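Remarks on the structure that follows.
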Amino acid sequence: MSLGERARGFVELTRPGNTIAAGVLTFTGAFIAGITASDALAVVAAVVATICATGAGNAINDYFDRDIDAINRPDRAIPRGAVTAREALWFSITLFLGAVVAAITLPRLAIAIAVVNLLALVAYTQLFKGLPGVGNVVVGYLTGSTFLFGGAAVGDPLGALVLAVLAGLATLTREIIKDVEDIVGDREEGLQTLPIVVGEKRALWASAVVLGVAIVASAIPYVSGDFGVAYLGLVLPADAIMVSASVQSFTDPSVGQRRIKYGMYLAAVAFIVGRSASMVGIAG
């Protein structure tokens with residue numbers, strides 16, 4: 001195994017796309033809550049903590065899931081031999097420590113959110129993943145909480161509450177669909193995921209209902225008058241993408257869950273634009 005291949009394996013353990021996106025979401029939460037120049041160091045610390053914690057959580061998940069991944073994801077770093085299981089474990093521990101060092105400088109509420117999330121990340125695979133729907137809820141919470149964490153870093157954890165709810169519910173939808181996608185390997189490992197317990201179609205309908213609640217939540221900033229037409233012009237296409245993806249998941253779960261992620265990112269952009277437009281309006 002070449003040095004380059006091993007290095008690539010360690011990077012893959014973190015899911016770099018998702019990890020960087022999590023850092024961006026934390027910054028987004030801080031921005032929507034109301035970031036100022038004096039908050040710059042706190043926001044940087046929060047983003048670094050999020051990136052390290054997310055990468056660590058993904059790495060530890062691969063460590064615990066190495067047998068399942070040999071069936072569902074044989075191309076991942078551990079199953080294909082780019083990284084050993086022991087190396088993945090120590091890599092995860094190192095990243096967790098990095099997250100702790102970064103988060104310790106933040107306000108107390110932000111530290112509390114970080115502690116809860118770190119514990120949830122560690123416990124996810126061993127305690128929650130195999131319980132019907134529970135693991136999905138935990139992942140949804142972790143995604144939504146990145147916005148709360150960003151807000152807490154600048155002293156306003158509820159400033160991005162609606163976006164946190166929208167992202168959490170959309171992620172819950174996506175996680176249920178992913179369980180449908182992974183049902184063969186999960187059944188082989190004896191996991192009791194939602195589609196295994198209630199059936200694939202019922203699980204997909206449950207995910208569609210959850211997404212419906214998320215879409216209703218997305219209207220709140222406009223209806224309340226916090227954000228204007230600029231927000232609406234982006235959040236409506238984001239909602240349409242996610243609804244289309246939910247429908248697509250009944251025939252192709254793999255495509256459906258990926259498209260929901262794209263819709264989530266566009267919704268986050270809608271909040272940024274909405275917040276920016278409201279600031280310009282206030283300044284004007």
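Defining a contact as two alpha carbons under 8 Å apart and six or more residues distant in sequence, what relative contact order in percent does the chain show?
With pairs under 8 Å counted, the relative contact order is 19 percent.
Entry note, the chain: the mean residue ellipticity at 222 nm calculated from DSSP H runs of n ≥ 4, each adding -39500 (n - 2.57), is -26000 deg cm²/dmol after division by the residues and rounding to the nearest 500. In the elastic network of the chain, a GNM with C-alpha springs shorter than 10 Å, the most mobile of Glu200, Glu175, Glu189 is Glu189. Among the helices of the chain, those built from whole DSSP H runs whose Cα atoms reach 18 Å or more along their own axis and whose mean Kyte-Doolittle hydropathy is at least 1.6 are 108-123.
Spacing of the modelled spin labels on Ala85 and Met279, each 7 Å from Cα toward Cβ, amounts to 4.8 nm.
How would you classify segment 160-279 from its alpha-carbon gyration tensor, with a ≥ b ≥ c the square roots of the eigenvalues: rounded for a/c under 1.5, else prolate if a/b is greater than b/c, otherwise oblate? Taking the square roots of the gyration eigenvalues as a ≥ b ≥ c, segment 160-279 is prolate.
Rule-based calculations on the coordinates, nothing more; no lab input. Model, not experiment: these values are computed from the prediction. Note: ideal-geometry Cβ built from the backbone for every residue, glycine included; neighbour counts use all protein chains shown.
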